[in-house]
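Encoded as structure tokens, the structure appears first; notes follow it.
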Amino acid sequence: MLFIASIISLLGALFLFLGSMGVLRMPDVYNRMQAGTKATTLGTMMTLLGIGLANTAWLPKILLLILFVLFTNPISSSALARAAHFSGIKLTDRSIRDNLADDKVEEQDA
Amino acid sequence: MRRVKALILSYLILTGLWLVLSEVTRNEFIIGSLVSATISLIFSSRLAILENVKLNPKALFCSIKFIFVFLRELFKSAIDVAIRVLSPSLPINPGIVKVRTKLHSKLGRIVLANSITLTPGTMTVEAKGEYLYIHWIDIKSDDIESATVAIVSTFEKHLEVMYG
């Protein structure tokens, strides 16, 4: 049991590491946010789950923690991305299009 | 009647939280449920969003199915990020696209936006009425309809049953 728990925790740590690497490698705020949200959510969940499996008395509380991470992580990243866009941070030059900026310009013209 | 539903739901959620967090003894349970009931009563007018939860067997079944669909997508997205980060050429093709959702309830839209944030390559930036603006790391389609099919439809068909 302890072995499986360790493997799960280790996999979670690997995802956390890849997420932080994504934050370093991606070109702009939005892409960084993507890497920093998805990989870290799964990483945190798996790390916590590993701890819960290793020490089964903690499992209910660990599950509760996972639930809270799952609810709050996407909300905070959405709020940050929205704030970044509204304060005028540009997308990277590799971007193809930006419907939100287009719509904002239309609203100002109208 | 609808407010009563939100009240009962919030009471059940709070009591459940208390049961998980505390040692289960009789006195603690009584105090906990009293405090939960008080909180639910005080904030019942702001909990209107819970009214959207549908309580029928089909919706419950769909909720369980939705959890598994969601976990599968979460795994796929983490692996997708890992592959993108690890490949030397950094294969991204980003941009913000606009999609349209069929969901009418507020709660359904919130859950949809958050689910989209945790699925492969997409992140909700702004929600305006029935339109969602989504940052997509690898744009594959150009118009609203095909983007909607690609991003939203996986979750929408479950959420429609759950929240309407």
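Of note:
- Extension gain, B:Leu90-B:Phe61: 0.36 nm per intervening residue step, less the Cα-Cα distance, totals 6.4 nm.
- Separation in nanometres of the label points that stand 7 Å from Cα toward Cβ, at B:Asn27 and B:Ile49: 3.7
- Charge dipole (debye, nearest 20) of the protein assembly as shown; +1 at Cβ of Lys and Arg, -1 at Cβ of Asp and Glu: 700
- nm² value of the averaged projected area, convex hull over the Cα atoms of segment B:57-163: 6.5
- Treating r as the C-beta distance of B:Leu12 and B:Lys76 and R0 as 35 Å, the FRET efficiency rounds to 0.60.
- Between A and B, buried accessible area from a 1.4 angstrom probe totals roughly 3800 Å², ignoring ligands, DNA and RNA.
- Taking the Kirkwood radius as Rh and the Cα radius of gyration as Rg, the protein assembly as shown has a ratio of Rg/Rh equal to 1.00.
- Gain upon complete extension [B:Arg100, B:Glu130; 0.36 nm per residue less C-alpha separation]: 10.2 nm
- Solvent-accessible ranking of B:Trp18, B:Trp136, A:Trp58, largest area first, probe 1.4 Å: A:Trp58, B:Trp18, B:Trp136
- Cα-centre dipole for chain B with unit charges at Cβ (Lys and Arg positive, Asp and Glu negative), debye to 20: 480
- Apportionment of accessible area to carbon and sulfur, the protein assembly as shown, percent (1.4 Å): 70
- Using only alpha carbons, segment B:23-87 has a radius of gyration to Kirkwood radius ratio (Rg to Rh) of 1.24.
- Other residues whose C-beta falls under 13 angstrom from the C-beta of B:Val161 contribute a net charge of +3, scoring Lys and Arg +1 and Asp and Glu -1.
- Per residue, in Å², the accessible surface of segment B:43-129 once ligands and nucleic acids are set aside, probe 1.4 Å: 48
The values are calculated or read from the model by the stated rules, or taken from the named source; none is laboratory data. Note that this is a predicted model, so its numbers are computed, not measured. Note that we place each Cβ from the backbone using ideal geometry, even for glycine, and neighbour counts take in every protein chain shown. We work out accessible area using only protein heavy atoms, side chains counted, and drop any ligands, DNA or RNA first. Shrake-Rupley method; radii C 1.70, N 1.55, O 1.52, S 1.80 Å.
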